[in-house]
Every structure is written in C-alpha cells, then in structure tokens.
Amino acid sequence: MELKDKVAIVTGAGRGIGQGIAEVLAREGAKVVVADRNLEDANKATEKIKSTGGRALAFTADVASKTSVQAMVGETVKQFGGVDALVNNAGIEGPPTLAKDLSEEQWDRVLGVNLKGVFLCCQAVIPAMIARGKGKIVNIGSTAAIRMTFFGSVDYTVSKHGVAGLTQHLAWELADHKITVNTICPGGVLTPLMEQGSTAEFRATVTKRLVPLGRFCSIDEIGEAVSFFASDRADMITGQLVAVDGGLLTGFGEDLRAIVRQRMEAAKTHGNS
Ligand SMILES: NC(=O)c1ccc[n+]([C@@H]2O[C@H](COP(=O)([O-])OP(=O)(O)OC[C@H]3O[C@@H](n4cnc5c(N)ncnc54)[C@H](O)[C@@H]3O)[C@@H](O)[C@H]2O)c1
C-alpha cells in the first residue's frame, strides 16, 4: 500500500483511463476524489471503489472552469484535510478534422479542457501542496505530447504538446516546494473515447503496423504508472514525459519487424551491401 492515507484528486475519473487510475490509487490506500463533469459516472465509479473496501468521494467538476476547479480543491481539503496528489486526466477530442476545416469552437473547447484545464487544476492545488510540504502532480498526456500523431487533429496535438511544456515549466517552478510534476503519455487505450473515435478494424491495423508489443494498453497499466509517480518512490523524478505505449513511439510494429528480419537473413546470405 504505497499511497496509504494520501489524498489524491483524479479528474475525468468517472470512466475510461481516469477510472482505472482512481481504482489503482484507492487499492494502494489513497483517499481518492473522483472528479468528473458527469456526476452519474463519478458516483458509479466511486461506489465501485467503495465496494472493494477503498475510500473515495465523487465530485462534479468541469476542469475548464476556474470556479469549479477551486470548489473541487476546496471540498477535497474540507473532507480529507489536504491534497497530496493531483492526476490531470480529463481530456477530450473533437471529430478528426483537417486544419483548414477546423472550427474556432473546436480549437477553444479542446484546448480549454486539455490545456487550460490542466493549468487551472495545477494552480488550484499548489497552496494545499505547499501546506503539506510536498506534492505530486501527474498529468495524462498522450504520445501526441511527444510527437505528432495522425490519430487526433491539430488541436489535440497542440493541447498535449502544451501539457509537455507546462510539465517542464511547473517542475522547475515548484521544485522549491518538493512538488514534482510529470506526464504519462499513453499510447492506444481502449476506452469510450477510443471506441467512439475508431473502428475495431482500424485499431487492429494500427496496432500491427505501429505497436511492437502488439496490443492496446489497459486502463490499469496506466494506473500502475501513475501510482508510481504519485508515490514517495518517485521523489527524485520531475519534469519527465514517460510513454506507456507498448513501444508505439518507436514506430515499428509487427508488420515492419518481418521486413527487418528478411533484410537480416538476406545480409547473412549475400553479405552487407
Ligand atoms: N484512450 C486513449 O487511447 C488515450 C490515449 C492517449 C491519451 N489519452 C488521454 O487520456 C485521458 C482520458 O481519456 P479516455 O480515453 O479515458 O477518455 P474518456 O472520454 O473515455 O473519459 C474521459 C472522462 O473525462 C471526463 N471529462 C471530459 N471533459 C471534462 C471536463 N471538462 N471536466 C471534468 N471531466 C471531464 C468525461 O466525462 C469522462 O468521464 C485524456 O486526457 C486523453 O486525451 C487517451
């Protein structure tokens, strides 16, 4: 139980990756605030944690609203006495659109949640973490935070690259207070967001082409990585982007492995040319 009695806020924890993270943190002993703009989902996720003996509290929050975020942090401090960890997971995608057709509304909405939302949540927890003498901020980026991906549109890539910049800047700024800031960058994870945005055939093709480990990540695997970065074991790590992507960022999946093997066999026979 490496997070015993720590207080953690997880945004967007009503379903998908956020729910997986909240469950792993609760299993590790944390008191978890399950924050989501959808209260029904937050309640369901909270009940599930409680049914396995975990401690959790559901809260409706819109990360794109400063008032809502301040209320979320205020209630956490009131109910649990402080904040040790913040996991900025809430994120959205618009429909895949070329830049020339992208609406100003989609740009503002996606950056409002994925980038401004992360900043507002960080800003809101800083005083509580300073009061604790240390703190852990773990953002959920994407492989699109490290390298452009074809999966989302330009607004999504820019929002996640913004999270990368925010991670490094805040890591530096908050180091004085022993607050670490890191970003986990998932590859493909099968969640409602992913299911809505792709077909099974598309996902299978992409995996074969791009993912050396040959499958999507599970929500628990993202939770395990977050749990480590939220724990005292990661005290000396800050400002980092860590991909949990089955090797996707190498760019070479099973399809390409066959070509490389063929080339090696040919070199054995004919020598290198
Ligand atoms: N699924 C993937 O393959 C994948 C890959 C890389 C990164 N990510 C990132 O992981 C995070 C979670 O994605 P997911 O696939 O679980 O998505 P999801 O849509 O399944 O779940 C997102 C949750 O966030 C909540 N949410 C959305 N906007 C919110 C807001 N303004 N305030 C509070 N809550 C809000 C939703 O209600 C929902 O419960 C996102 O940041 C996403 O960009 C996902």
Assuming G141 fulfils every condition listed in (1) over 15 Å from N88 (Cβ atoms); (2) within 15 Å of the ligand (Cβ to nearest atom) apart from one, which condition is it?
(1)
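Per-residue answers, yes or no, for (1) touching a residue at least 12 places away in the same chain (Cβ under 8 Å); (2) within 6 Å of the ligand (Cβ to nearest atom); (3) small (G, A, S); (4) assigned to a strand (DSSP E or B):
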position: G20; (1), (2), (3), (4): yes, no, yes, no
position: E23; (1), (2), (3), (4): yes, no, no, no
position: A26; (1), (2), (3), (4): yes, no, yes, no
position: A35; (1), (2), (3), (4): yes, no, yes, yes
Could you please find all residues in the range 162-200 being out of contact with any helix residue (DSSP H, G or I) (no Cβ under 6 Å at 6 or more places or on another chain), modelled with pLDDT of 95 or more and either farther than 26 Å from D232 by Cα or not hydrophobic (A, V, I, L, M, F, W, C) (or both)?
G165, T167, Q168, H169, E173, D176, K178, T180
In the range 67-97, how many residues are part of a helix (DSSP H, G or I), of a type outside the set (D, E) and either open to solvent by less than 40 Å² (accessible area, probe 1.4 Å) or within 29 Å of A234 (Cα to Cα) (or both)?
12
Find the helices (runs of 4 or more DSSP H) located wholly in the range 155-262 whose residues include 2 or more that are more than 23 Å from M1 (Cα to Cα), and list them.
192-197, 200-210
Hits in the range 98-112 - residues which are exposed (fewer than 15 other Cβ atoms within 10 Å of the Cβ) and either touching a residue at least 12 places away in the same chain (Cβ under 8 Å) or within 16 Å of the ligand (Cβ to nearest atom) (or both):
L98, A99, E105, D108
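The values are calculated or read from the model by the stated rules, or taken from the named source; none is laboratory data. Since the model is a prediction, treat every value here as computed from it, not as a measurement. For neighbour counting, all protein chains shown are included, and Cβ atoms are generated from backbone atoms with ideal geometry for every residue, glycine included. These accessible areas exclude ligands, DNA and RNA; they are computed on the full protein's heavy atoms, side chains included. Shrake-Rupley method; radii C 1.70, N 1.55, O 1.52, S 1.80 Å.
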